[in-house]
Amino acid sequence: MKNRYALLTVDTEALPKRAETDHVRRLMWGEHEKGTAGVREMASIGNEFGAKHVFFVDMCGAYERADEIREVMAFLDADGQDVELHTHPEYLPDEFWKKNRFRALPKLMNRYTDAGKELFLLSHFADEVAKVVKRPVRAFRAGSFRWNALTLDTLKKLNIPLSFNNTVAAMNIGQNPCSVPMYRPFYWPNGILEVSVTEKNILPSLGKTMWGKDMWARFQYPLSLYVRYRPWWASFIPYSVSKRDGFLVCLIHSWSLLYWDEQGFATYRDDRRLEGYRRLLRALSKDYDIITTGDLLDLVQAGKIVPDRVADRAEAPAVPAKAR
């Protein structure tokens, strides 16, 4: 054991604006006329290095294709991947809410004040995941990180122990009401364990001078110009991610191995991102134990991962964030 841990978290979604047609096939399976680069390939590359991904699956963005999304979840579960809950409720049809006796507005989850509406939303789609994977959901990530304090209460009610929502970058653009600059797991006062996306503060002095706030970049794939995974001997380069960081959470999407065409739709162009992802996982797996949410809970229980602290409830205000 390396006593350094990393999670590969994949927002698995088929949002309307990212493909012209066949959203699940193109954005989850990654199937295109010239080639394929989707969740199968991502899982296969991980398997080469003994690494399983955490696939946060959204059924809202392509609600009318629910059966296709269930097939994706079934494949991932059969392959030993970790399938968890993701929601983009802003894309649900109004008829969904009317049928279940809730107002469609507000659509963005960071604007919710109706505890019953959020409880129904998360319980409904958590049940959908659980039916496929044959176990309760362990973790939740809000679509575009649009959460507020109501989300923490809802997770507690549903016995979902892990939140993957803390990010300064999302707070800076108004997607969530707050963030705690902690990059190892920490607890909220109600016992929910928060697992933050790994981020780096980019040029802090310049950011405050030019924009009045710090600028944060995430450890994600494709790698950004700022936050790149580097070997130990190059970890002195600013904003690097390396084994000096004892705990990493990488943000990926089901379409991250694809490219964007002139219309802004995902498309397959070549295998360069596949090979780049293989290089990243080869390096990560040498330095880190790549774990799932089940592993994380076990490691916390065993005292091998000790959450840094308990955040103040005031750091997660109930007042909805300004929607953007």
Q: Could you check what % of the DSSP bridge pairs in the stretch 5-315 are antiparallel, to the nearest 5?
A: 25 percent
Q | Per-pair calculated FRET efficiency, R0 = 22 Å: residue 102 and residue 190 via Cβ, rounded to 0.05 | A | 0.40
(Q) Order these by the 10 Å Cβ neighbour count, fewest first: 95, 84. (A) 95, 84
Q.
Which of 224, 196 has the fewest other C-beta atoms within 10 Å, and how do the rest follow up to the most?
A. 224, 196
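Starting from 0.36 nm per residue, how many nanometres of slack lie between residue 262 and residue 34 once their C-alpha separation is accounted for?
Extending this stretch completely gives an extra 80.5 nm.
Among rounded, prolate and oblate, which fits the stretch 5-315 when a ≥ b ≥ c are the square roots of the eigenvalues of its C-alpha gyration tensor, a/c under 1.5 means rounded, and a/b larger than b/c means prolate? Write out the running numbers ahead of the final one.
Numbers: a/c = 1.34, a/b = 1.09, b/c = 1.23.
Taking the square roots of the gyration eigenvalues as a ≥ b ≥ c, the stretch 5-315 is rounded.
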Q: Taking a cut-off of 24 Å between Cα atoms, list the lysines near residue 286, but don't count ones fewer than 8 places away on the same chain.
A: 2, 52, 200, 243, 304
Q: For the stretch 2-43, calculate the relative contact order in percent as a whole number, restricting contacts to Cα pairs under 8 Å that are 6 or more residues apart.
A: 23 percent
Q: Excluding residue 287 itself, calculate the net charge of residues whose Cβ lies under 10 Å from the Cβ of residue 287, where each Lys or Arg counts +1 and each Asp or Glu counts -1.
A: +3
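With a ≥ b ≥ c the root eigenvalues of the C-alpha gyration tensor of the stretch 162-284, is it rounded (a/c under 1.5), prolate (a/b larger than b/c) or oblate?
On the way: a/c = 1.40, a/b = 1.34, b/c = 1.05.
Rounded.
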Q: Figure the gain on full extension for residue 201 and residue 114 (residue separation times 0.36 nm, minus the Cα-Cα span) and round it to one decimal in nm.
A: 27.9 nm
Q: Choose one of 185, 88, 112: the residue whose Cα lies farthest towards the positive end of the charge dipole of the chain (beta-carbon charges +1 Lys, Arg; -1 Asp, Glu; about the Cα centre).
A: 185
Q: Just add up the charged neighbours of residue 11: K/R +1, D/E -1, any other residue whose Cβ is under 15 Å from the Cβ of residue 11.
A: 0
Q. Taking 0.36 nm per intervening residue step and subtracting the Cα-Cα distance, what contour gain separates residue 228 from residue 95 on full extension?
A. 43.5 nm
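Got a sec? How would 56, 236, 102 order by Cβ neighbour count within 10 Å, fewest to most?
236, 102, 56
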Q: Show me 169-178, 6-15 ranked by packing, highest mean number of other Cβ atoms within 10 Å first.
A: 6-15, 169-178
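For a protection proxy built on the mean count of beta-carbon atoms within 10 angstrom, sort 145-151, 42-48 highest first, please.
Working: 145-151: 23.3, 42-48: 18.3.
Sorting 145-151, 42-48 by mean packing, highest first, produces 145-151, 42-48.
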Q: Please list the helices of the chain that count as membrane-span-like by this rule: a mean Kyte-Doolittle hydropathy of at least -1.0 together with Cα atoms stretching 24 Å or more along the helix axis, each helix being a complete DSSP H run.
A: 115-133
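Dipole of the chain, Cα-centred, from +1 at each Lys and Arg C-beta and -1 at each Asp and Glu C-beta, to the nearest 20 debye?
Numbers: 47 positive and 41 negative charges, 183 e Å.
Magnitude of the dipole: close to 880 debye.
All of the numbers you see were taken from the coordinates with simple rules; none came from a lab. Just so we're clear, the structure is a prediction, and the values are computed from it rather than from any experiment. Don't worry about glycine lacking a Cβ; one is built from the backbone with ideal geometry, like all the others, and counts go over all protein chains shown.
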